[in-house]
Amino acid sequence: MRPPGCQGFATQRPLFLDPVTPRMLDSLHVSIGIKALGEQLRLNLRQPQPYRRDSFVVSACNAEAAARIDAWPRWTSGALALAGPAGAGKSHLAQTWAERAGARVVRLDEIETDTQGPILIEDVGAAPLGEALFHLLNRTADPRQGLVLTGRARPADWPTALPDLRSRLNALAVVELHQPDDGVLSGALWRLFAERLIRPAPDLIAYLVTRIERSVPAAAAMVERIEAAAATQGRPINRALARDLLARDDDPDETDV
């Protein structure tokens, strides 16, 4: 006699999963391996890319600076200052010069009076300047020595209490870079996608250029967000995805995933 509540139990067909075969396991391992490889590739491509002169997009906002950097060592003076807002490309140009000139990249507090050879110093002007920079400028009468300084303000506005240094800063050759224009942002976006082996639709580039912050770092951050969201959500990289991400920027409660 069957126990209460078990009527019909013996006649029910038990449910079993299909047997797992070696081929199915191999397929699963391949799938997991491909996914892991794709994620690793994405992580590798996310690493900072080295500055290269051929990846610097030249436009009206930075053409003079690029021409001056390219002209070294045929400078009339051995020192040049690059001034402009964050994200304008000062570091990109300066680092490519340092690579070509074999320059040392140092901080202001690392300057020594007997320092020789080309030198790059970035982010000058954030703190008062002293004798170390004055002595360094004195040796730049020889253009082959080479000194490149970068800062957001022009050298005439860099702080110093030394009258002699103020005079040298006022006379220092300077070229300004301005906020990236449409040409620079467009070229940077194409390059950033290409570095990730992504071929975006042309309307995506045009859409982003008019909507993101006007700086190359902001473009890089946006490309990374688009790539990550496409991988996580399984969506194509297109204007619709970019529109959704930008919409989330206006809603602090929304996230990209």
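Per-residue answers, yes or no, for (1) among the charged types (D, E, K, R); (2) touching a strand residue (DSSP E or B) at 6+ places or on another chain (Cβ under 6 Å); (3) at pLDDT 95 or above:
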| residue | (1), (2), (3) |
| --- | --- |
| 180 | no, no, no |
| 209 | no, no, yes |
| 214 | yes, no, no |
| 220 | no, no, no |
| 252 | no, no, no |
Conditions (1) at pLDDT 95 or above; (2) surrounded by 17 or more Cβ atoms within 10 Å (Cβ to Cβ) -> residue 59 fails only (1)
Hey, among 191, 154, which residue is modelled with pLDDT of 90 or more, assigned by TED's automatic domain parsing to the domain that holds residue 245 and not hydroxyl-bearing (Ser, Thr, Tyr)?
-> 191
Is it the case that residue 194 is more than 17 Å from the chain's Cα centre (by Cα), over 17 Å from residue 64 (Cα atoms) and either touching a residue at least 12 places away in the same chain (Cβ under 8 Å) or assigned to a helix (DSSP H, G or I) (or both)?
-> no
Residues being charged (D, E, K, R), surrounded by fewer than 18 Cβ atoms within 10 Å (Cβ to Cβ) and within 17 Å of residue 179 (Cα to Cα) - total across the stretch 197-243 | 2
Working only within the stretch 70-79, note down all residues that are outside any loop (DSSP other than H, G, I, E, B) and in contact (Cβ under 8 Å) with a residue 60 or more places away in the chain.
-> 79
Filter result for the condition that a residue is within 19 Å of residue 103 (Cα to Cα) and hydrophobic (A, V, I, L, M, F, W, C), over 133, 162, 169 = 133
Can residue 187 be described as surrounded by 19 or more Cβ atoms within 10 Å (Cβ to Cβ) and out of contact with any Gly (no Cβ under 9 Å at 6 or more places or on another chain)?
-> yes
Mind checking whether some residue in the stretch 248-255 is surrounded by 14 or more Cβ atoms within 10 Å (Cβ to Cβ) and over 19 Å from residue 52 (Cβ atoms)?
-> yes
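The values are calculated or read from the model by the stated rules, or taken from the named source; none is laboratory data. Quick caveat, the model's predicted, so the values are computed rather than measured. Because the Cβ atoms are built from the backbone with ideal geometry, glycine has one as well, and the counts that use them run over all protein chains shown.
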